[in-house]
Amino acid sequence: MKIGILSRNRQLYSTKRLVEAAETRGHEVQVIDALRCYMNIVPHKPEIHYRGKRLEGFDAIIPRIGSSITFYGTAVVRQFEMMGVYCQNESVAISRSRDKLRSLQLLARKGIGLPVTGFAHSPDDTQDLMNLVGGAPMVIKLIEGTQGKGVVLAETKQAAESVIDAFRGLDAHFLTQEFIGEARGTDVRCFVIGGKVVATMQRQAKEGEFRSNVHRGGQARPVRITPEERSTAVRAAASMGLNVAGVDIIRSNHGPVVLEVNSSPGLEGIERTTGRDIAGQVIAHLEAHAKPGRTRTRGRG
Ligand code: ADP
Ligand code: MG
């Protein structure tokens, strides 16, 4: 197969591993910087150009779209879909996963366990919005944050009000969420490929921190998950329409709840923690599914 990896940096661990796994399995692979792709949007004959040449002959695309380039990156993925190239994660699915509110609504629709979450526009509703999630302590999150940035724990009602006022003052969209204190700064990353959980790790926030993100100093270790957690992760990935996903689950007193579903989950933490060849499994999924025209939405929506 000829595989394109949409990634801005070929030196990243995840990109390097995917290239290596694809080549080991006998495929031709090209790393493509989505921001250097330019397109002509014409009926019947969509094209993508890259560094002076037309991109052609690809059997499959692995989109690794960073959150800072979601808008342009998903447009490039959509163009590949319009060309009939199989994209492992499709543009609509990536867009859904990038919007915390939209993804929580989709998960709720499928009856998947979530932290109690509130969302409001008007400042008149701040009190009720706080009551809705059980009052302080509560978590307040920017809708499009990543790596723990924009996720705040407000321990008192006053702190929550100040944070909400500050976010509103910046015209930022945010949500309020029940704080799952019983998880004690841990969450579980489930790596899902093609409807199966292929690896899991638990992340523990560093001392004095409630966010377990590795970028915030969190430590990872292997963990076994329950059948309920396994099915929650698989259903969460499916409700987004993602073939490859990192589903973050937090263990609450009322069962597993999904925090977020990541559409470009990193390989470094999960491979180093579990010793598994996840990159190889990502390529194996392509081998089984990538056929011309197999892209589901073909750029719709
Ligand atoms: P990001 O996209 O920035 O990673 P998350 O929603 O995943 O945002 O939150 C970052 C981290 O903060 C999570 O991995 C988790 O450890 C912690 N966290 C988030 N929401 C809650 C919550 N409602 N209760 C307890 N901890 C939370
Ligand atoms: Mg997260």
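The values are calculated or read from the model by the stated rules, or taken from the named source; none is laboratory data. Owing to the predicted nature of the structure, the values given are computational and were not obtained by experimental measurement. With ideal geometry, Cβ positions are generated from the backbone for all residues, glycine too; neighbour counts draw on all protein chains shown. When the accessible area is computed, the model is the full protein with side chains, heavy atoms only, and any ligands, DNA or RNA have been set aside. Shrake-Rupley method; radii C 1.70, N 1.55, O 1.52, S 1.80 Å.
Taken as Cα centroids, region 197-231 and region 98-113 sit 21 Å apart, rounded to the nearest whole angstrom.
A protection proxy built from the mean count of other Cβ atoms within 10 Å ranks the segments 87-95, 154-162, 226-234, most packed first, as 87-95, 226-234, 154-162. Starting from one equal scatterer on each C-alpha and no solvent at all, send me the Debye-based log10 I(q)/I(0) for region 117-179 at q = 0.18, 0.28 Å⁻¹, two decimals. Calculated log10 I(q)/I(0) at the listed q: -0.52, -1.35.
Surface analysis of the chain yields an accessible area of 48 Å² per residue, using protein heavy atoms and a 1.4 Å probe.
Qualifying GluC sites (Glu not before Pro) in region 1-68, where qualification requires a DSSP coil assignment and no more than 10 other C-beta atoms within 10 Å, comprise Glu56. Between Cys37, Ile225, Met130, the Cα set farthest toward the positive side of the dipole of the chain (charges on each charged residue's Cβ, about the Cα centre) is that of Cys37.
Summing charges over neighbours of Gly185, with a neighbour being any other residue whose Cβ is under 11 Å away from its Cβ, gives +1 when K and R count +1 and D and E count -1. Surface composition of region 117-179: carbon and sulfur make up 52 percent of the accessible area, probe 1.4 Å. Geometric descriptor of region 77-222, per residue, is 148 Å³ (volume of the convex hull of the Cα atoms). All distinct Cα pairs of region 98-142 go into the 1/r average, and the inverse of that average, the Kirkwood radius, is 11.6 Å.
Given the chain reduced to its alpha-carbon atoms as identical point scatterers, what log10 I(q)/I(0) does the Debye formula return at q = 0.09, 0.15 Å⁻¹? Log10 of I(q)/I(0), two decimals: -0.46, -1.17. Helix 13-24 axis versus longest C-alpha principal axis of the chain: approximately 30°, rounded to the nearest ten.
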